[in-house]
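Visitor: What follows is a structure written as structure tokens; I'll ask about it next.
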Amino acid sequence: MDKTRSKRRLPGDPSKQQSLDQMLRVDHAGEYGAVRIYQGQLAVLGTGRAAPLIAHMLGQEKHHLKTFEKLVGERRARPTALLPFWHLAGFALGAGTALLGEKAAMACTVAVEEVIDEHYAGQIAELDAEGDEPELRQTFETFRQEELDHRQTGLDNGAQLTPGYKTLTSAVKAGSRLAIWLSTRI
């Protein structure tokens, strides 16, 4: 069977449409959360050296969010019911890491973006297996590359010099993976 033509679904698997709806739901939630993280960081570091970098990344995340808001509406996908929670949790994560300093804020960015890279790569692979949705696939790939740029920005600005870097990034990654899992389903 040519895997680029169609994905074989097993009993109990979501339909193709359900899978697409889940992708849009979780990506919309993720970009919403990313906007709130950067807003939280800017609330604390708004006059610091890292503020222009954070503001630039925030601008890109706002564009991603606007794109997914449009796609969710056009395709009538249900947004996650957890947006009010992500509103608070995203801001708290951004502000909390920024309170630890600019390097910790950058470590947060690195951790989140590593998880998002994996997430988008998985979605791209799923779309490739279906063999259609080239525009959506390109959107995911474009945004994935921008998220990787954000990760590199964090690394270039001392993220790994954060005291407790591995512990902090492990916790943020675990929280990000949980947020993805929950937003896909709720």
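Visitor: Quickly run through the range 101-128 and pick out the residues that are surrounded by fewer than 19 Cβ atoms within 10 Å (Cβ to Cβ) and of a type in the set (Val, Ile, Thr).
Guide: Ile124 - this is the single residue of the range 101-128 that is surrounded by fewer than 19 Cβ atoms within 10 Å (Cβ to Cβ) and of a type in the set (Val, Ile, Thr).
Visitor: Also, quick follow-up: Within the range 43-100, can you find the residues that are surrounded by 14 or more Cβ atoms within 10 Å (Cβ to Cβ) and polar (S, T, N, Q)?
Guide: Gln60, Thr67, Thr80, Thr97
Visitor: Check whether at least one residue in the range 102-119 is in contact (Cβ under 8 Å) with a residue 40 or more places away in the chain, under 15 Å from Gln60 (Cβ atoms) and not aliphatic (A, V, I, L, M), and report yes or no.
Guide: Within the range 102-119, one or more residues are in contact (Cβ under 8 Å) with a residue 40 or more places away in the chain, under 15 Å from Gln60 (Cβ atoms) and not aliphatic (A, V, I, L, M).
Visitor: Another question about this same structure. Could you grab the pairs with beta carbons closer than 8 Å, sequence gap of 6+ or different chains, first residue in the range 77-91 and free of Cβ contacts under 8 Å to residues at least 60 places away in the same chain and more than 16 Å from Gly40 (Cα to Cα), second one of a type in the set (D, E, K, R) and crowded, with 18+ Cβ neighbours inside 10 Å?
Guide: The qualifying pairs are Ala77/Asp21; Ala77/Arg25; Arg78/Asp21; Arg78/Arg25; Pro79/Arg25.
Visitor: Conditions first: (1) in contact with an Asp or Glu (Cβ under 8 Å, 6 or more places away or on another chain); (2) modelled with pLDDT of 95 or more. Gln123 passes all but one, so which condition is the exception?
Guide: The number of the failed condition is (2).
Visitor: Could you figure out which of (1) in contact (Cβ under 8 Å) with a residue 40 or more places away in the chain; (2) within 13 Å of the chain's Cα centre (by Cα); (3) surrounded by 14 or more Cβ atoms within 10 Å (Cβ to Cβ); (4) within 24 Å of Arg78 (Cβ to Cβ) isn't true of Arg177?
Guide: (3)
Visitor: Further question on the same structure: Name the residues in the range 27-70 that are in contact (Cβ under 8 Å) with a residue 60 or more places away in the chain and outside any helix (DSSP H, G or I), would you?
Guide: Within the range 27-70, just Ala50 meets the criteria.
Visitor: Another question, if that's okay. Being surrounded by fewer than 23 Cβ atoms within 10 Å (Cβ to Cβ), over 23 Å from Lys16 (Cβ atoms) and at pLDDT below 95: is that true of Gly131 here?
Guide: no
Visitor: Considering the range 71-87 alone, what residues qualify as being touching a helix residue (DSSP H, G or I) at 6+ places or on another chain (Cβ under 8 Å) and part of a helix (DSSP H, G or I)?
Guide: Leu71, Val72, Leu83, Trp86, His87
Visitor: Taking into account only those residues within the range 146-174 that are over 19 Å from Leu58 (Cα atoms) and basic (Lys, Arg), which is surrounded by the most Cβ atoms within 10 Å (Cβ to Cβ)?
Guide: So the residue we want is Lys173.
The values are calculated or read from the model by the stated rules, or taken from the named source; none is laboratory data. Since we're looking at a predicted model, the values are computed, not measured. A quick note on method: Cβ atoms are made from the backbone with ideal geometry, for glycine too, and the neighbour counts reach across all protein chains shown.
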